[in-house]
1. Heavy atoms only, probe 1.4 angstrom, no DNA, RNA or ligands counted: give me I83, I367 ranked by accessible area, highest first.
2. By accessible area of protein heavy atoms, probe 1.4 Å, what ranking do L77, L344 get, highest first?
3. FRET efficiency for L392 and Y269, Cβ-Cβ distance as r, R0 = 22 Å, nearest 0.05?
4. In the range 185-252, what is the volume of the convex hull around the alpha carbon atoms, normalised per residue and reported in Å³?
5. Using a 10 Å cut-off on Cβ atoms, rank the peptides 193-199, 322-328, 53-59 from the highest mean neighbour count down.
6. Rounded to the nearest 10 Å², what accessible area does T206 have for a 1.4 Å probe in the complete protein model?
7. First measure r as the distance between the Cβ atoms of A161 and N374, then evaluate 1/(1 + (r/R0)^6) with R0 = 45 Å and state the FRET efficiency to the nearest 0.05.
8. If you filter the range 122-229 for trypsin sites (Lys or Arg not before Pro), then keep DSSP loop positions with at most 12 other Cβ within 10 Å, what is left?
Amino acid sequence: MMQRLRLTWQLARRFRNRRERSGFVSFISASSTLGIALGCMVFIAGLSVMNGFEKVLQERFLSLIPHVEFTAVNQQLADPQQIISASLEHPNVVSAMPVIRTQGMVQQGARFTGVQVQGIDTEQAQAIQEYISHNTWQSLLNVPNAVVLGVKLAEKLKVTAGDTVMLLVAQNANFREPKRVRLNVQGTFEFGGQVDHQFAYVSLATAREMVGIEAGATAVELKLNNVMQAQQVASEVGYSIKDYVYLDHWMRSQGHLYRDIQLVRMVMYLVLILVLAVACFNIISTLIMTVQEKQRHIGILRTMGLRGKQIMQVFVWQGLQNGLIGTVLGSIAGVLLTLVLPDLMSWLQWLSGESFLASDVYFINQIPVHLQLNDVILVTVVALIMSVFATLYPAWRAANIEIVQAISH
């Protein structure tokens, strides 16, 4: 058995030798190999970029967005500690923290600027700390009525650390008689995207004074181990909460970002199939022309005792060699391109003088990549399978050539 396979493999290599076929057939064969290589390279790099965006979404953007949130139906939660305790009993919940969120407007003369105020528990570790300097964070802990603004919001308001701003907060869900609160600006944070344009952070005590409650909070936000189970966790924990609350999770408010990434990924899988199919058509063309050229050789091999099944194996091996070479070269090139892609894109941005990703819109300023072995294996397997399928019809035709006709040809 092994000897027969070795024989058919050697014959396939011989038929594939450039000296054994015309220049046009060699060109079509080389183009099929190149097409498969380019397809594998581009799609390994493309899938890695999609993985990078998904990773940034989960690890960076969702660090500031609550995975699950329980918001009071009335002005405040009756017993936020009970919600926190019930949430922490769930195995997928990492942390549960009280928060106060309110809308406000900063007044500067006759101009008003909308602000999303986040009242956070400064005694617990917060994700926003990574984007705030240590001194600014300490000031937020110790200075009364302290506020930290997004860097773009501060630029828009033209304020710096040490300045004060007048914030108007709605009372009873309307601005007819807003409450005025003077806040001391302690510094700024820079996260990226619309967060820098809209968000401001204060302590829970300051936020309570704004909304007019003595204790507690208006919401409890959860961080999860698996963010993809946010909807399930919200429902499961919600059944154990005694208070009347609104259940919300990130997939409802920000899920369009994740769905967009998945949609692009599905489109890329479809395009991968189509591009590799076009490259594999060249394998079919190469083998059909090779069969036409080698009819005499096929007839001689059949008279020497080679069976039709073995003739078929010869041409399957020949087409698979093209696919195998293209797949290996393309996979290696795709991995290398993925590794250098961030530097390459940075160089292209510097060369063009324009940013491909505006950080004030996309919360990142460079193309993220995350190479996964599963994607490399997937692209490789799909390319090889399609290469094998492309060989079947030409190989079948070669195996069914009449011996007399082949020799006389």
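1. Sorted by accessible area, descending: I367, I83.
2. These residues rank, largest area first, as L344, L77.
3. For L392 and Y269, the calculated efficiency is 0.40.
4. Taking the convex hull of the Cα positions in the range 185-252, it is 148 Å³ per residue.
5. Put in order of decreasing packing, that is 322-328, 193-199, 53-59.
6. 10
7. E(calc), rounded to 0.05, equals 0.45.
8. Here the sparse-neighbourhood loop sites are K158.
The values are calculated or read from the model by the stated rules, or taken from the named source; none is laboratory data. All of these numbers come straight from a predicted model, not from anything done at the bench. Backbone-built Cβ (ideal geometry, glycine too); neighbour counts: all protein chains shown. What goes into the accessible areas is simple: the full protein's heavy atoms, side chains included, and nothing from ligands, DNA or RNA. Shrake-Rupley method; radii C 1.70, N 1.55, O 1.52, S 1.80 Å.
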